[in-house]
Amino acid sequence: MYMINFYANGRYHQLPLINGTFDKAIDISKLREYTKLITFDPGLKNTGITKSSISFIDGEKGELLYRGYPIEQIINKCSFIETSYLILNGELPNYKQLKYFIEKINSFNLIKDNICNYLDKIPNSYHPMGILSSITNILLSFDNSIKSEDSYFYLLSKLPILAAMIYRKKYGLPNINNEKNICYIYNILSMFFSIPNKPYKKNYYIINALEKLLILHIDHEQNCSTTIVRLLSSVRSNIFSSVSAGINALWGKLHGGANQKVIEMLELILKDGGNINKWIEKAKNRNDSFRLMGFGHRIYKNFDPRAIIAKSIAENLIKKLNISDPILDIAKKLEINALKDSYFLEKKLYPNIDFYSGIIYQAIGIPKDMFTVMFALGRLPGWIAHWIEIKDNLEPIGRPRQIYIGNKKRNI
Ligand code: ACO
């Protein structure tokens, strides 16, 4: 094992160097014991919080691997459900494994009346992400017979149904039943858009676009919502509460909630006359809180490979559906102009996955306030995989330290 040597408090100390598959890290867990010093890293920008083998990002090269496979290969060769299996189990499934996986998910597709009754009581004005996290958190209370080994399948089955129920209630559509034994993605679309006596008409281009977009969302190493799920797993919270917390974190507009904010921003720019440079200048102005939503990423300091794929999915879908979307035109112009600007180049701010995903959802017919819910459906297998990884590795509870800057000890 390699060590880092350093001198502090009158003597030499050694800290071990950890080798990951690609990264190296200094193990600072004994630093305080040796030196009374802790590390300071607001936003955890340079802190490896855990070891994980689920996904890997090379932010400098713009690469994303799922269990070692490049996202570009996954997108072209795997379905959402196969990729979910890969993320959860470490290897792609054979025919028998896939069949079992799908059957298990389908076996939990009934929604009990008590869940419908609970949903009915939540005002429609509340954001769908808040409703989804609330119901997910208490799913166990509606169905306390769920065995813990079934809870992953249960969530994969129930979350799309809940999403569809939330959408249908909010937009005044009657509830419909989930169907069994059909494609996971078609099933989502069918649950959203079928109306009594008029089942949702299969559209290959839409199914393919949603399938690919949700695959892009499945996992993304230690993003905020996944880290939250891992922290909850570390204190042995149940999977439902952990995923519920992940949904709340994803809702934040600097995280998954950005997909809704991007479209709202693009619509505003269009309404304002399409003067893109005016909005770029606003984003650059330190005294203005406006940021180009869908731009920038903590890890990608080159391009986000998911954004490149999402852009081509959006362009392709709009072409195949033969619709014209002025929002897509604004987005493309904004991207071109921003990427010519030294501010964005110097700060290495490129479009992220959320920049084009809303355009795809919009073309499919999904309303803006449901965009982040769709993201959550995509991210669910990743959250579950991370929750299991912490549980199986018996990781210690996640409990950071702080630099206290409050009052010294004093008397009342
Ligand atoms: N528009 C304008 N300026 C930006 C933007 C942006 N979108 N993003 C970052 N910057 C600037 C910051 O003002 C800061 O400038 P400074 O160094 O002069 O103070 C610098 O770039 C670094 O930004 P940070 O916020 O420190 O970078 P961080 O890595 O912490 O944040 C984040 C990354 C949150 C994604 C940020 O780029 C952002 O707010 N983007 C817009 C929201 C967004 O699209 N979120 C989705 C991210 S992807 C996902 O979660 C699925």
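The values are calculated or read from the model by the stated rules, or taken from the named source; none is laboratory data. Everything numeric here is computed off the predicted structure, so don't read it as measured data. Backbone-built Cβ (ideal geometry, glycine too); neighbour counts: all protein chains shown. Only protein heavy atoms, including side chains, enter the accessible area calculation; ligands, DNA and RNA are left aside. Shrake-Rupley method; radii C 1.70, N 1.55, O 1.52, S 1.80 Å.
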Here the gain from full extension of Asp369 to Gln402, 0.36 nm per residue of separation minus their alpha-carbon distance, amounts to 8.3 nm
Between 0 and 90°, nearest 10: helix 239-251 axis offset from the chain longest Cα axis: 90
Any idea what Rg and Dmax come out to for region 262-315 if you just take the C-alpha atoms, in Å? 12.9, 36
In sequence order, what are the phi-derived ³J(HN,Hα) couplings for region 222-236 according to the Karplus relation 6.51 cos²θ - 1.76 cosθ + 1.60 with θ = phi - 60°, rounded to whole Hz, with x for glycine and proline? 8, 5, 4, 5, 5, 5, 4, 4, 5, 4, 5, 5, 5, 9, 6
A chain fully extended from Lys198 to Val235 at 0.36 nm per residue, minus the present Cα-Cα distance, gains in nm 8.6 nm
Below 18 Å, Cα to Cα, which aspartates and glutamates can Lys340 reach? Residues fewer than 8 away in the same chain don't count. Glu281, Asp304, Asp329
In degrees rounded to 10, the 0-90 angle between helix 326-338 Cα long axis and the longest Cα principal axis of the chain is 20
Top mean-square fluctuation among Asn144, Asn223, Asn259, Gaussian network model of the chain, C-alpha springs under 10 Å? Asn144
Could you give each residue of region 88-97 its phi-based ³J(HN,Hα) in whole Hz, using Karplus coefficients 6.51, -1.76, 1.60 with θ = phi - 60°, and x for Gly or Pro? 7, 10, x, 9, 5, x, 7, 4, 5, 5
Using a Gaussian network model of the chain with C-alpha springs under 10 Å, which one of Asp341, Asp58, Asp304 is most mobile by mean-square fluctuation? Asp341
May I ask for the distance between the Cα centers of region 386-400 and region 142-159, given as a whole number of Å? 21
Prolate/oblate/rounded call for region 94-168, Cα gyration tensor, a/c under 1.5 rounded: prolate
Residue-span extension gain [Asn124 to Lys99] - 0.36 nm each, minus C-alpha spacing: 5.3 nm
Can you pull the Rg over Rh of region 167-260, Cα-only, Kirkwood? 1.05
Can you show me the helix-derived [θ] at 222 nm for the chain, built from DSSP H runs with n ≥ 4 at -39,500 (n - 2.57) apiece and divided by the number of residues, rounded to the nearest 500. -16000 deg cm²/dmol
For region 132-178, what does the alpha-carbon gyration tensor say about shape, rounded, prolate or oblate, given a ≥ b ≥ c as the root eigenvalues, a/c under 1.5 as rounded, and a/b over b/c as prolate? prolate
Over the chain, with a Gaussian network built from C-alpha contacts below 10 Å, which listed residue (Phe22, Phe101, Phe355) shows the highest mean-square fluctuation? Phe22
Return the sequence-ordered ³J(HN,Hα) values of region 61-68 in whole Hz as given by the Karplus equation 6.51 cos²θ - 1.76 cosθ + 1.60 applied to θ = phi - 60°, using x for Gly and Pro. 8, x, 10, 10, 10, 9, 6, x
Using only the alpha carbons, work out the radius of gyration and Dmax of region 1-130 in angstrom. 23.2, 69
For the chain: accessible area per residue (Å², 1.4 Å): 53
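I'd like the trypsin sites (Lys or Arg not before Pro) in region 44-127 restricted to DSSP loop residues with at most 14 other Cβ atoms within 10 Å, sorted by number.
Of the trypsin sites (Lys or Arg not before Pro), the ones in loops of region 44-127 whose Cβ has at most 14 other Cβ atoms within 10 Å are Lys45, Lys51, Lys61, Lys112, Lys121.
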With at most 12 neighbouring Cβ atoms within 10 Å, loop GluC sites (Glu not before Pro) (DSSP) excluded, longest segment of the chain: 92-412
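Taking loop as defined by DSSP and a crowding limit of 14 other beta carbons within 10 Å, which trypsin sites (Lys or Arg not before Pro) in region 124-194 fit?
In loop regions of region 124-194 (DSSP not H, G, I, E or B), the sparsely surrounded trypsin sites (Lys or Arg not before Pro) are Lys147, Lys180.
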Could you give me D for region 146-214, from Stokes-Einstein at 4 °C and 1.567 mPa s, where the hydrodynamic radius is the Kirkwood radius over C-alpha pairs? Units µm² s⁻¹, please. 100
Under 5 Å between amide H atoms, partner at least 5 residues away or on a different chain: which partners does Lys347 have, H built in plane at 1.01 Å? none
Measuring from label point to label point, each 7 Å out along Cα→Cβ, what is the Asn393 to Asn285 span in nm? 4.6
Pairs Lys51/Lys348; Lys271/Lys301; Lys45/Lys158; Lys77/Lys158; Lys271/Lys368; Lys24/Lys311: which are spaced more than 23 Å apart, C-alpha to C-alpha? Lys51/Lys348; Lys271/Lys301; Lys45/Lys158; Lys77/Lys158; Lys24/Lys311
What is the percent carbon and sulfur in the accessible area of region 56-204, measuring with a 1.4 Å probe over the protein chains and ignoring ligands? 52
Bin all alpha-carbon pair distances of the chain at 20 Å intervals from 0 and give each bin's fraction as a whole percent. 24, 55, 20, 2, 0
Return one quarter of the surface area of the convex hull spanned by the alpha-carbon atoms of region 212-267, equal to its mean projected area, in nm². 4.4
Between region 160-217 and region 230-285, how many Å separate their Cα centres? 23
Prolate/oblate/rounded call for region 351-412, Cα gyration tensor, a/c under 1.5 rounded: oblate
Report relative contact order for the chain in percent, whole number only (criteria: Cα-Cα under 8 Å, sequence separation at least 6). 20
